[in-house]
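Notes for the one structure printed next.
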Amino acid sequence: MKNLFLRVGRLWCLGIGLMLMRLTQNRSGFDPVTGLSVPSMHGRVCLIFLAICAVGELILFFRSPKEKTDFSVLFAPPEKELPAVVLGSLLLAAGGALLALEGFQQGALAAGVAGALAAAAGAGLLLLNRKARAGEELSVVPLLPSMLFAVFFVLTVYIPVEDDPVFARYYLPVLTAAMIACSFSQLAGFLRKDSSPRGFVFAGDMTVVLCLMSIADGNPARILLFAGCALVMSVYLLLCRDPAPAA
C-alpha cells in the first residue's frame with residue numbers, strides 16, 4: 001500500500017487537485033466577452049504547483065538509475081494490475097474512436113489519424129501485456145501505434161491554437177500532449193534497450209499529473225484519451241521493479 005501511494009497515489013492526488021483548480025480557472029479566469037485571461041488565483045496556483053511538481057520530479061530523476069535496460073528486466077508482468085491496464089487501454093481505444101469520428105467528419109485530418117492510431121494503440125497495449133504475462137518474446141511492434149498516436153495528437157492539440165494569444169488557455173493541453181509523446185517513446189525504448197528508468201519515471205510521473213489536470217480542458221474524446229494515458233502510465237510505474245539508486 002505504501003508503494004502504491006509513493007509511486008502512483010501521490011500523482012493522482014496532485015493531478016485531481018490540479019484538475020479541480022483548472023476547472024475553477026476555466027470558469028472565472030477568462031473574460032466571457034473577449035476570451036482574454038484575467039487575474040486568477042487558481043491559475044497562479046496551478047502554475048506554482050506544476051513547477052513544484054516538476055522540481056520534485058527532477059530531484060527523483062537524478063536519484064534514479066541512468067543505465068539503459070530491457071523491458072522485461074525493468075517491468076514485472078501485470079498480475080493484480082491487469083484490470084487497470086485493460087481499462088486504460090480500452091479508454092484509450094474508445095477515446096481514439098471518438099476522436100477519429102469527430103476528426104474525419106470535420107475534415108481535420110490530423111485529428112482523424114490520431115484517433116485511429118489511438119484505437120490501434122489500445123489494442124497494441126493489450127497485446128503487449130498478454131505477451132508479457134505469457135512470458136513470450138516482446139518486440140516494439142505493439143507500441144508503434146502508441147508512438148505514432150502521440151505524434152499526431154500533438155499536432156491535433158497544437159494546430160487549432162497556434163495563433164491563440166492567450167497562453168493561459170492553451171499551454172496545458174499542448175504540454176500534456178508533448179509529455180504523452182515523451183512517455184510512450186520512453187516506454188517503447190525499453191523494448192530496444194534504448195531507455196533508462198531515469199527518463200521513464202520522470203516522463204511517466206509528469207504524464208499522469210498533466211493528463212488528470214487536462215481532463216478539465218477536454219471534450220469527451222480528449223477526456224477518454226487523457227484518462228486512458230494516465231491509467232496506462234500509472235500501471236507501468238507500478239510495474240517497475242526496484243533498482244538500486246544511482247550513485
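The values are calculated or read from the model by the stated rules, or taken from the named source; none is laboratory data. Here the structure is a predicted model, which means the values were calculated and not measured. All Cβ positions, even for glycine, are placed from backbone atoms using ideal geometry, and neighbour counts span all protein chains on display. Keep in mind that these areas ignore ligands, DNA and RNA; they rest on the heavy atoms of the full protein, side chains included. Shrake-Rupley method; radii C 1.70, N 1.55, O 1.52, S 1.80 Å.
Looking only at region 124-150, count how many residues are touching a residue at least 40 places away in the same chain (Cβ under 8 Å) and small (Gly, Ala, Ser).
4
Report, by residue number, each residue of region 134-169 that is assigned to a helix (DSSP H, G or I), open to solvent by 40 Å² or more (accessible area, probe 1.4 Å) and closer than 22 Å to Phe190 by Cβ.
Ala134, Val141, Leu144, Met147, Leu148, Val151, Val154
Could you say whether any residue in region 172-181 is without any contact (Cβ under 8 Å) to a residue 24 or more places away in the chain and more than 21 Å from Val8 (Cα to Cα)?
Yes: one or more hits.
Quick one: Leu126 ticks every box in (1) in a helix (DSSP H, G or I); (2) open to solvent by less than 10 Å² (accessible area, probe 1.4 Å) except a single one, so which number is it?
Going through the list (1) in a helix (DSSP H, G or I); (2) open to solvent by less than 10 Å² (accessible area, probe 1.4 Å), Leu126 breaks only (2).
Considering only residues of region 25-36 that are surrounded by 15 or more Cβ atoms within 10 Å (Cβ to Cβ) and closer than 25 Å to Thr207 by Cα, which is farthest from the chain's Cα centre (by Cα)?
Selected residue: Gly29.
Looking at Leu191, Leu238, which one is part of a helix (DSSP H, G or I), open to solvent by 40 Å² or more (accessible area, probe 1.4 Å), of a type in the set (A, V, I, L, M, F, W, C) and in contact (Cβ under 8 Å) with a residue 12 or more places away in the chain? Can you show your working first?
Working: Leu191 fails: open to solvent by 40 Å² or more (accessible area, probe 1.4 Å).
Checking each option against the conditions leaves just Leu238.
Please pick out the residue among Arg198, Arg222, Arg192 that is modelled with pLDDT of 95 or more and basic (Lys, Arg).
Exactly one of Arg198, Arg222, Arg192 is modelled with pLDDT of 95 or more and basic (Lys, Arg), namely Arg222.
If the requirement is being farther than 17 Å from Ala132 by Cα and acidic (Asp, Glu), which of these qualifies: Glu81, Glu57?
Glu57
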